[in-house]
Amino acid sequence: MELDRQVSRMLHEEHMAVLSLLEKLETTLQRAGRGAPPDVADGDVIRLMGDLQAGIEGEITNHFAFEENELFPCLAREGEGDLVDLLCEEHVVILPLGRQLAELAGAVRSGNVNGDDWARFHRLGGEFAERLRSHVDKEEMALIQAVEDTIDEEEDTRLAEQYASSR
């Protein structure tokens with residue numbers, strides 16, 4: 001699909017980046033298992049935990065805030081209220097889950113986790129990855145197309161500038 005709107009391209013690029021992060025998370029969870037925490041001397045684990053924290057606390061939080069505060073009201077005015085409602089409902093579940101995961105990622109990074117903490121991280125990480133992947137799929141299939149179909153060039157420019165300044 002060719003994307004004509006700046007906002008569509010920006011959202012799509014972030015979706016691809018988050019899918020890459022989720023793939024790394026799922027690979028690490030599968031490799032490490034639920035038992036003991038992974039070796040914190042492993043640079044890949046430390047890097048992933050930092051990327052998770054930064055991604056959740058920064059990019060994902062900003063992405064959701066932009067959608068809810070700027071993009072969704074525009075789409076709702078254009079008749080996309082059902083889609084907006086569904087995506088907002090998912091944000092309400094995903095973001096708190098992500099914040100818990102980011103906090104645990106910080107603990108893993110510092111080596112301050114025991115087996116129970118890691119089991120919780122493993123469970124939350126799996127749920128977060130599953131929910132966020134499904135959410136991204138919905139946005140790629142429906143939200144991006146709604147933006148392409150309903151946002152005019154002037155509104156697209158305004159939204160893209162607003163989004164760029166919030167990153």
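Couple of notes before you dig in:
- Matching option when the condition is surrounded by fewer than 16 Cβ atoms within 10 Å (Cβ to Cβ), of a type outside the set (A, V, I, L, M) and touching a Phe, Trp or Tyr at 6+ places or on another chain (Cβ under 9 Å), among Gly79, Gly43, Gly35, Gly58: Gly35
- Within region 127-152, tally of residues that are under 24 Å from Glu26 (Cβ atoms) and either without any contact (Cβ under 8 Å) to a residue 24 or more places away in the chain or of a type in the set (S, T, N, Q) (or both): 4
Here's the yes/no breakdown for (1) in contact (Cβ under 8 Å) with a residue 12 or more places away in the chain; (2) within 17 Å of His15 (Cα to Cα); (3) more than 13 Å from the chain's Cα centre (by Cα):
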{"position": "Glu67", "(1), (2), (3)": "yes, yes, no"}
{"position": "Leu95", "(1), (2), (3)": "yes, yes, no"}
{"position": "Asp116", "(1), (2), (3)": "no, no, yes"}
{"position": "Gly125", "(1), (2), (3)": "yes, no, no"}
{"position": "Glu154", "(1), (2), (3)": "no, no, yes"}
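- Filter result for Leu104 (buried (at least 20 other Cβ atoms within 10 Å of the Cβ) and either without any contact (Cβ under 8 Å) to a residue 12 or more places away in the chain or over 30 Å from Glu155 (Cβ atoms) (or both)): yes
- Pair list, Cβ < 7 Å and 6+ apart or interchain, from region 53-65 residues that are at pLDDT 95 or above to residues that are buried (at least 16 other Cβ atoms within 10 Å of the Cβ) and among the acidic types (Asp, Glu): His63/Glu14
- Check on Ala36, touching a helix residue (DSSP H, G or I) at 6+ places or on another chain (Cβ under 9 Å) and within 12 Å of Gly125 (Cβ to Cβ): no
The values are calculated or read from the model by the stated rules, or taken from the named source; none is laboratory data. This one's a predicted model, so the numbers in the text were calculated from it and none came from an experiment. In this analysis, Cβ positions are derived from the backbone assuming ideal geometry, glycine residues included, and neighbour counts consider all displayed protein chains.
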